Amino acid sequence: MKKKTKIILIVIAIVIIVGIAAIAFIVTSDLKQEGKLEKELDSLYTLLNNYPLDYESLDKQLSTIITTDDYAKVEKAVKDYSKDFVNYMKQFDTLINDETLKNAVNIENIKEDGPDFTNTKKKLSESKTSVDTILNNFSEYLTEEAALSYIKDIELDEYYTNLYRQYVLGDNLAEMQSARDEIIKSLNDIKTLIENEEETINFLAQNKENWEVENDQLLFYSEALSDQYNDIISKIKEVE
């Protein structure tokens with residue numbers, strides 16, 4: 001009987017040892033995965049926090065998942081959320097780098113597209129529509145509700161949900177609100193700039209019989225029109 005008891009105790013001991021080893025393996029594996037996730041997302045956020053954005057490096061990093069299991073779900077959700085931010089920033093960069101927007105009221109464009117400014121009017125109208133689209137995108141995107149929608153259909157327990165929240169929302173939602181307000185203000189400033197440029201171009205088109213370009217200088221045939229033009233131009237300088 002004692003022999004059997006001894007064998008049973010040995011079996012139990014082996015089971016316990018194997019169980020402990022299995023738990024240790026899982027814990028160690030989880031720690032490694034979490035470490036990989038932290039390193040990967042820290043690297044991603046370093047890229048996202050450097051403007052102008054390195055789109056080539058971002059696209060490459062956002063297209064790969066390096067963790068596994070639930071950590072991979074968190075990583076993918078964070079990267080999907082970041083992908084949309086990058087796409088909105090691409091639209092923003094395309095907008096602010098548009099040559100028409102930069103040069104709408106300079107003397108070269110006045111000579112080339114005046115006095116009716118058909119092309120300039122069209123491009124400025126398109127740019128204003130782009131601003132409205134980007135404004136709408138960022139207004140909806142930079143909210144807690146939008147951020148959490150990226151894990152809405154993913155099965156995650158509380159620990160991994162909180163991990164995702166930490167990476168996307170951080171500890172202070174006020175920071176997201178502040179970023180949202182700053183981006184919206186910048187976009188509204190750009191929209192105001194476009195509207196002032198439109199006002200300038202429309203003024204020149206409406207008074208096309210009363211000005212000319214001479215020696216790369218815009219000259220009006222009346223002082224009153226010249227004063228009006230300078231008042232409009234001063235609005236553009238205030239925004240810049």
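Taken together, the values in this text are just the output of simple stated rules run on the coordinates, not laboratory data. Note that this is a predicted model, so its numbers are computed, not measured. Quick reminder, even Gly has a Cβ in these numbers, built from the backbone with ideal geometry, and neighbours come from all protein chains shown.
If one computes P(r) from the Cα atoms of the chain, what percent of pairs lie at distances over 30 Å? Cα-Cα pairs in the chain separated by more than 30 Å: 51 percent.
If you keep only loop residues by DSSP, which GluC sites (Glu not before Pro) in region 147-216 have at most 15 other Cβ atoms within 10 Å of their Cβ? Walk me through the numbers before you get to the answer.
Details: sites: Glu155, Glu158, Glu175, Glu182, Glu195, Glu197, Glu198, Glu199, Glu209, Glu212, Glu214; in loops: Glu155.
For GluC sites (Glu not before Pro) across region 147-216 that sit outside H, G, I, E and B with at most 15 neighbouring Cβ atoms in 10 Å, the list reads Glu155.
Cβ crowding within 10 Å ranks Val74, Val213, Val131 as Val213, Val131, Val74, fewest other Cβ atoms first. Checking the cross-link pairs Lys79/Lys102; Lys60/Lys185; Lys121/Lys235 against a 23 Å limit on the alpha carbon distance flags Lys79/Lys102; Lys60/Lys185 as lying beyond it. Applying the criteria of a DSSP loop state and at most 11 other Cβ atoms within 10 Å to the trypsin sites (Lys or Arg not before Pro) of region 137-240 yields Lys152.
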